[in-house]
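The structure appears right after this line, and notes come after that.
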Amino acid sequence: MNKVMNALNDDEVTVVGVYGMGGVGKTTMVKHVGAQVKKSRLFNQVIMAVVSQNPDLRKIQGTLADLLDLKLEDETEIGRASRLEEKIKRGIRILIILDDVWNRIEFSSIGIPSHHKLQRCNSKVLLTTRRFSVCHFMNSHVNIPLNILSEEDSWNLFVTEARQSFDKSTNFYDVTRMVARECAGLPVALIAVARALRHASFNEWKDSAQRLKASQPANPEDEGDVYKCIKLSYDYLKTDDSKSCFLLCCLFPEDYDIPVEQLLKYGIGKGMFQDSNMQEARATTHLVVKSLKASSLLLDSKKDGYVKMHDVIRDVAVLISLSEVGQRVLVKAGCDLKHWPMINAHRGFFAISLMKNEIRKLPEELVCPNLKILLLQHNANLNDIPETFLQTLNELRVLDLSHTSISLPPQSFSLLTNLQALYLDCCMKIIDFSILGKLEKLEILSMREYPLKELSREIGRLTNLRMLDVSDSFSHGHIVTIPSKVISKLHRLEELYMHCRFGDWGSKVEGGGEETNIGFDELTGLSYLYILTVRIWDAKCLPKCVEFNPNWVYFDICFGGERRVPHIQSQNGHKYSRSLILNTTICSLPDWFVSVVTKKTEKLQFAKCEGLKNILVEYDRGGLCGLKHLSIIGPCEKLKELMNTISWISNKPVFENLEELHLDSVDCLNELCVGELPPGSLFNLKLLNVCNCRNLGNVLLPSKLLRKLPNLEKLICNVMGSMEYVFGYEGFEPEESKFREMTLLSLYALKSVCNGPAPCTIFQTLKSLIIYHCNQLRGSLFTSDVAQCLFHLEDLFVFSCPFLKKLIEAREETVSKKKIVLPKLKNLILLMLPRLSSESAIGIESPSLVHLYVQYCPNFSNDAINFHSKNQVQLNDERQMRFLWSRLMGGGRRGVSGRMGGGRRGVSGQRPDHGGGIPWIVWR
């Protein structure tokens, strides 16, 4: 690390290469380097992309662009590269890390500037590779080898990962030292073996030492030390499901984000989880994945619900499959194959993965009598399956043809009598699905973005089906007809995903005479169904009563409109939800639906609900005790007060588990609460997001309501025309507060944060304050009393407040006191404040200040201010200002506007010249 840091500090060096064998820790080290140079401010920004054996230029470009907050819309790689290069050249001091480079790759093809252009903007490239020759080919100025660990360093790492202490005077110590020595100084091997033997007995340690010493890799060209160590860790996996799941992971391309849900589906198709229902199988899959990560055989992904596999471990997994009886795999995934590879039928492959290639044509015949898994997805130009191709694949259990261009499944599909999982997602050119009715053992059928208007009646013959997915995007959905008595025949169905255009339950089929679409009661009769996602045009489609209440454990049900509630992340990592979108009141829903759905709902959205008058009535009728997220999107013309306890009386707490409340475009809303809420109400509310409620009264949170919110952490107010104060003062001072973030955007009537002496306790924990486009905000932001309580404030952004004169108003009795210290303030941005004076900042000390951005504030001079920072303050760094804004708001791209899943424009969806939104300089 010291050598790398020295090279990065050298002005003459632009490209630094780190090389070493697989598993030695190159990626881990450069990540640490990246963190260190950012912390020391040697570089303003660190961006990193994995290149891998088969570089995907678009993916590399996309990764770097995302980290630079650049949206690439160009379709050609050349166009994307040009945009990326311009972005990097405009920046200053950017470290670009290219990880796992296998062959020479031109910087210009990615969009990385040349050596000379990088020098001009003080940026550098750090690359890692297994081959010294690659450093030479990439014109690296400094090449640094990363060698294996010394014996003592190996031992220290091994002991740490084994979580044991070993007495030197015992035989146990000698055996464990022998095991550690066999790992040959490779961190990836040391960690895997130590974790595998963490709870092993002495005899197991002895046996492992002997096996490591004697074992040989399946491929003599492979580094034997790595193989035997990973193989030992694999052997110590406790269950066959763990081993099977591990080997399934190597079927995906290198450096691929592997969906855990896909492992579940492939596993079921493969024959795992034989005695489990889908719910139990999913839970087992997540436990297996957790154990594989604990064994260091899988890695966390940055995406929820995904995992990754280290490329060295993936290579070893493929080798292990070759030595396991009945587990041999052929993997050429993501290799840019244009032609079908030569396959030796005598090798008895269990699985073949050719996903993410450019194969256009399949051979006339595939002779692999033991083949159980065939993965051909993402071969976009594959449009034909020869009739004889599938004829010998009698044992095939999993077939994935998603994202191909096939138009007509061949008749030989009917010969796949053992097929259990079939994936035809986004096969938009298929014109006939009738052959699917022959696949009577099928348990999983996924046809997302189903291309036809009518769901195939043949699906009703698949009586062993456990999961059916025909979801599509609302904007491009096709399904308008689902014949009755098709889905109701699927008696074993456990999961039905049908978020699609179809929602006209029980209606007559257009042009079908007396024939009707499926009735909603057909779903309630499926006794095994526990996951349901559907759309319903009108509550009248629901049956008034049902024979037996269904047991829907998870559901995502949308009435009417097209807004979607994001899924709730469950504890086991799979995106389940208990979500409901209503365009009607709960009072209009039948009793059985209230019992089965609304009482379990965790995320509820009312969208354009004309009958909504008092949310407390809905709470009472719907039994919404477990509700965590509530969103109301207008217009809701009868909703004058959100909660009215005068017209609704109860002594029991309401919304006691609610964590988020979103109000958007409810123009008729005058007040959040009338009357006194019962004790314990709203106790767990963490986020309040109010947007486009233009007539909401002059105080958003009066004292009587604020005292009900002891756990409020984040407040967002956006585009409101009547609100004059955020907090109302009625002599109430909370004992403690968890308030962290406040964002006030386009509040045209806002006069002050509080209509009296502000409750200082609220501000003691405040970390971020953003104020933008508040035209009536006059005088000062804070009194000195409040300013002295800003112990944790880190980010203060004030934009476009034309009458604001001071940051802090000193009262007469406090003028003689000591200077005001904002101990943790790191980022201060003042923009378009024509009346703000420099004098208002004199006397403020910010020892932690890092970034100061002052623009278009003619009466504010940076030279007149000394914040006494311990750091070298970066002044008017526009790129950093945009980055900070993006960080603060864009975690918030989801929630600033109050709309679920807001767009990239983030705040109000409008540019500043249309009123509200992000300052123009951020757009530039």
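Which whole-angstrom value gives the distance between the alpha carbon centres of region 62-110 and region 1-40?
If you average the Cα positions of each part, the centres end up 19 Å apart.
Round to the nearest 0.05 the FRET efficiency obtained for Ser108 and Ile431 when R0 = 35 Å and r is the Cβ-Cβ distance.
0.20
What is the gain in length, in nm to one decimal, between Lys361 and Phe791 on full extension, counting 0.36 nm per residue of separation less the C-alpha to C-alpha distance?
Gain on extension, Lys361 to Phe791, equals 148.2 nm.
Run the reach check for Lys613 against lysines, Cα to Cα strictly under 23 Å, same-chain hits fewer than 8 apart removed. What comes back?
Cα-Cα hits under 23 Å: Lys540, Lys599, Lys600, Lys603, Lys628, Lys638, Lys640, Lys652, Lys704, Lys708.
Would you mind calculating the gained length between Ser276 and Lys704 on full extension (0.36 nm times residue separation, minus the Cα-Cα distance), in nm to one decimal?
148.9 nm
At 1.4 Å probe size, put Ser323, Ser52 in order of accessible surface, largest to smallest.
Of Ser323, Ser52, the descending order of accessible area is Ser323, Ser52.
Quickly rank 868-876, 428-436 as a protection proxy: mean count of other C-beta atoms within 10 Å, highest first.
The peptides rank, most packed first, as 428-436, 868-876.
Give the shape of region 306-374 as rounded, prolate or oblate, defined through the alpha-carbon gyration tensor: a ≥ b ≥ c are the square roots of its eigenvalues, a/c under 1.5 means rounded, and otherwise the shape is prolate if a/b is larger than b/c and oblate if not.
oblate
Once neighbouring chains are kept in place and the probe is 1.4 Å, which whole percent of the accessible area of the chain is contributed by carbon and sulfur?
Heavy-atom surface of the chain belonging to carbon and sulfur, 1.4 Å probe: 48 percent.
So what's the net charge close to Asp300: Lys and Arg +1, Asp and Glu -1, counting the other residues with Cβ under 14 Å from its Cβ?
Summing Lys and Arg as +1 and Asp and Glu as -1 gives +3.
Provide the packing ranking of 606-615, 114-123, 132-141, 17-26, i.e. peptides ordered by the mean count of other C-beta atoms within 10 Å per residue, highest first.
17-26, 606-615, 132-141, 114-123
In nanometres, what is the gap between the two model label sites at Asp300 and Glu724, each 7 Å from Cα along Cα-to-Cβ?
4.9 nm
With a cap of 11 neighbouring Cβ atoms within 10 Å, and only residues DSSP puts in a loop, list the GluC sites (Glu not before Pro) found in region 332-415.
Answer in residue order: Glu364.
Once you sort the root eigenvalues of the Cα gyration tensor of region 371-418 as a ≥ b ≥ c, which label holds: rounded (a/c under 1.5), prolate (a/b larger than b/c) or oblate (the other case)?
Since a/c reaches 1.5 but b/c is at least a/b, the shape of region 371-418 is classed as oblate.
Using 0.36 nm per residue of separation minus the Cα-Cα distance, give me the extension gain between Lys508 and Thr170 in nm, one decimal.
Gain on stretching Lys508 to Thr170: 113.5 nm.
Report for the chain the percent antiparallel among DSSP-assigned beta bridges with both residues inside it, nearest 5.
The antiparallel fraction comes to roughly 5 percent.
Label point 7 Å out from Asn871 along Cα-to-Cβ: which residues of region 19-55 have amide N under 16 Å?
So the set is 35-46.
If you count, for each residue, the other Cβ atoms within 10 Å and average over each peptide, how do 197-206, 463-472 line up from highest to lowest?
Answer by packing, highest mean first, reads 463-472, 197-206.
Please calculate the 1.4 Å probe accessible area of Tyr528, with all protein chains present, and give it to the nearest 10 Å².
Counting only protein heavy atoms, Tyr528 exposes about 140 Å² to solvent.
What does the accessible area of Leu781 come to, in Å² to the nearest 10, when a probe of 1.4 Å is used?
20 Å²
So, taking all protein chains as they sit and a 1.4 Å probe, how much accessible area belongs to Arg360, in Å² rounded to tens?
Surface open to solvent at Arg360 totals about 150 Å².
Distance between the C-alpha centers of region 261-312 and region 700-752? Whole Å please.
44 Å
For log10 I(q)/I(0) by the Debye sum over Cα atoms at q = 0.06 Å⁻¹, one of [x] -0.68; [y] -0.53; [z] -0.82 was computed from the structure I shared and the rest are decoys. Which label?
Computed from the coordinates, log10 I(q)/I(0) by the Debye sum over Cα atoms at q = 0.06 Å⁻¹ corresponds to [y].
All other residues with a Cβ under 12 Å from the Cβ of Leu393 taken together, and with Lys, Arg as +1 and Asp, Glu as -1, what is their net charge?
0
What is region 509-549 by shape, rounded, prolate or oblate, if you read a ≥ b ≥ c off the alpha carbon gyration tensor as root eigenvalues and call it rounded for a/c under 1.5, prolate for a/b larger than b/c, and oblate otherwise?
Prolate.
Taking 7 Å along the Cα-to-C-beta vector as the label spot, tell me the His116-Arg131 distance in nanometres, rounded to one decimal.
According to this spin-label approximation, the distance is 2.9 nm.
The values are calculated or read from the model by the stated rules, or taken from the named source; none is laboratory data. Treat the numbers as computed from the prediction; the structure is a model and nothing was measured. Heads up, the Cβs are rebuilt from the backbone with ideal geometry, glycines too, and the neighbour counts pull from every protein chain shown. Each accessible area value is taken on the protein alone, full model and side chains, heavy atoms only, with ligands, DNA and RNA left out. Shrake-Rupley method; radii C 1.70, N 1.55, O 1.52, S 1.80 Å.
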